[in-house]
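Written out below as structure tokens is the structure these notes cover.
The values are calculated or read from the model by the stated rules, or taken from the named source; none is laboratory data. On a predicted model such as this, the values are computed, not experimentally measured, just so you know. Positions of Cβ are backbone-derived with ideal geometry, glycine not excepted, and every protein chain shown enters the neighbour counts. These area figures cover heavy atoms from the full protein model, side chains too; ligands, DNA and RNA do not enter into them. Shrake-Rupley method; radii C 1.70, N 1.55, O 1.52, S 1.80 Å.
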Amino acid sequence: GAAPLRADGSGGTMKRRAGEREKELKKKKLLEELGENRLPYLTPSDADFHQLWKTKYSKLIFRKSDTVPEELHQMVQESFLTLREHNCFFQDLVRIKAKDFLTPVSRILIGNPGCTYKYLNTRLFTVPWPTEGYDINYCSPPIHDACKALMRLNDYLHIEAVRALQGQNFFETKIKDRDKDTLIDREQSFATSLTEQGSVSRNQSSVCVAEDDRSLKNRTSYNLTLLNYMDPLQMLYLKQEPYFGMGNMAVSWHHDENLVERSTVAVYSYSCEDSAVQESNEQELKGRDPAVWHVGLKVAWDIETPGLAVPLHQGDIYLMLDDLNMTHQHCVLAGLSPRFSSTHRVADSSRGTLEYIIGRCELALQNLQTDSHSKALSLKSLEAAVVKQAEEIHNEVEFEWLRQFWFQGKRYLKCTDWWLKPMAKLEEFWRKLEIMTSLVLSEVRKEQQIEEQRNETISCFLLLLKERQKLRKEWTAR
């Protein structure tokens, strides 16, 4: 994932651009090395598929759809169709290497009230799921029901993730004992746990208090889900997978960004397979079946290990455990039928919640005082550090929140008006911050300040104003 953008925009942007450049160079070098050749990859029809999975991709856990309660399937699949019917899926305008692109996949973010998720320089705002203690007004009962169903799925996947992690821990602690029988058990149970709950992880879960429960909970308590939808037949152009020759990609190779470190990502996949899209049963088929959706995995920047392409059918679930998202990259390979997915994440919300940004604004406004008689506004302090902090927060609320929201935020009104009040509140804060900026200006124009302190204040103040000017131009152009 990209380095989090610092509030002042400077260091973060530089770091991110350097990171992007480095990635580009690695990619270019890889493709040059490959030339016309393609790297090998395996699918379930290959003999070594399970062996490769077990040794190099063991933190990818798969659950076939028949292990999931039928009632849950029905609720979730209905909610996908409801959201599509109400036109709640949108292509995002994302920014890559200073250019804007519309994503081929359409998305909507649903999750805890006030939560946001940032990817590729675009902040998405959750349509809140019905959370106790929150007054959420949905545009229609079906949308309320859809959000509720996804919340149910979220709870289910949380439990599955805890189980899967406990299962893995159990394996690891036993292996350390070099217990021969366990090794044999492990070989056998692995095959089952790829496709179903796996007897080991369920029955022995009491043994696995090896990991601190709190950390386990932190890394599996999903606070939002990013829903994806795409109909490949409506797409005029899909990128080809460049390294292995896996065919059409719906989503290119990537690590999921903006997540709590080592947290699990859980994905529920629903491809609307009808009788028209039958799998090609011909054995001649080398590689993956282009009619069927797959998730592709590779070890990041490694050309020794073959890739993996795992077919995804209606209602299948997969989990990326622990650091898999950091050590490996994944992509989504398009089949022929339309497909929905619900991708549940533990978003790093340290700087991404409404509560956080309101707290920041309140902090900045502590430096503003109102005269009790004349009602005139003035600043309590002109210290460089205090001024700098307020101006950083000013930039943060304007560019990370207000502009991000209004840039593509009207679309949320198709589901709920939940964000309108908070945004109005943030705009109020922003107006006061604008007043504070002009107060700094009028103060530093006055002569009576100590030269040295005044220069220090001016130089850091100017830096942030320039940044603001530059970002305003960029956003206006976008």
Inset, instruction - Give the residues of the range 348-359 that are over 19 Å from Asp256 (Cα atoms) and open to solvent by less than 50 Å² (accessible area, probe 1.4 Å), sorted by residue number. - result: Leu354, Tyr356, Ile357, Ile358, Gly359
Legend entry - Thr116 vs. criteria closer than 22 Å to Val332 by Cα, of a type in the set (S, T, N, Q) and at pLDDT 95 or above: no
Inset, instruction - Among the numbered conditions (1) in a loop (DSSP other than H, G, I, E, B); (2) open to solvent by 30 Å² or more (accessible area, probe 1.4 Å), tell me where Asp66 comes up short. - result: (1)
Inset, instruction - Residues that are exposed (fewer than 12 other Cβ atoms within 10 Å of the Cβ) and not assigned by the TED database to the domain that holds Thr122: find the helices (runs of 4 or more DSSP H) completely inside the range 382-478 holding 3 or more of those. - result: 420-445, 451-477
Inset, instruction - Inspect all residues belonging to the range 342-364 and state whether any of them is part of a strand (DSSP E or B) and more than 30 Å from Val397 (Cβ to Cβ). - result: yes
Inset, instruction - Give me the pairs, please: first residue somewhere in the range 374-393 and free of Cβ contacts under 8 Å to residues at least 40 places away in the same chain, second residue anywhere and of a type outside the set (Gly, Ala, Ser) and in a strand (DSSP E or B), beta-carbon distance under 7 Å, and either six or more positions apart or on two chains. - result: Lys380/Gln369
Inset, instruction - For the range 309-319, state whether one or more residues are in the same structural domain as Arg262 (by the TED database), within 15 Å of the chain's Cα centre (by Cα) and touching a residue at least 12 places away in the same chain (Cβ under 8 Å). - result: yes
Inset, instruction - Could you list, in sequence order, all residues of the range 23-53 that are basic (Lys, Arg) and either part of a loop (DSSP other than H, G, I, E, B) or open to solvent by less than 20 Å² (accessible area, probe 1.4 Å) (or both)? - result: Arg38
Inset, instruction - Check whether at least one residue in the range 327-347 is in contact (Cβ under 8 Å) with a residue 40 or more places away in the chain, out of contact with any Phe, Trp or Tyr (no Cβ under 6 Å at 6 or more places or on another chain) and at positive phi, and report yes or no. - result: no
Legend entry - Subset of the range 290-327 (residues that are part of a strand (DSSP E or B) and open to solvent by 20 Å² or more (accessible area, probe 1.4 Å)): Val299, Pro311
Inset, instruction - Residue by residue through the range 85-125, note down the ones that are within 12 Å of the chain's Cα centre (by Cα) and in a loop (DSSP other than H, G, I, E, B). - result: Leu120, Asn121
Inset, instruction - Just give me the residues in the range 328-341 being assigned to a loop (DSSP other than H, G, I, E, B) and touching a Cys at 6+ places or on another chain (Cβ under 9 Å), in sequence order. - result: Ser337, Pro338
Inset, instruction - Collect the residues in the range 1-22 that are assigned to a loop (DSSP other than H, G, I, E, B), small (Gly, Ala, Ser) and either modelled with pLDDT of 80 or more or open to solvent by 50 Å² or more (accessible area, probe 1.4 Å) (or both), keeping them in residue-number order. - result: Gly1
Inset, instruction - Would you mind telling me which numbered condition in (1) open to solvent by less than 70 Å² (accessible area, probe 1.4 Å); (2) at pLDDT 90 or above Lys56 fails? - result: (1)
Inset, instruction - For the range 129-231, please list each of the helices (runs of 4 or more DSSP H) lying entirely inside it that holds at least 2 residues being of a type in the set (A, V, I, L, M), open to solvent by less than 80 Å² (accessible area, probe 1.4 Å) and at pLDDT 55 or above. - result: 141-176
Legend entry - Hits in the range 248-259 - residues which are within 18 Å of Lys27 (Cα to Cα) and either not β-branched (Val, Ile, Thr) or not in a strand (DSSP E or B) (or both): Met249, Ser252, Trp253, His254, His255, Asp256
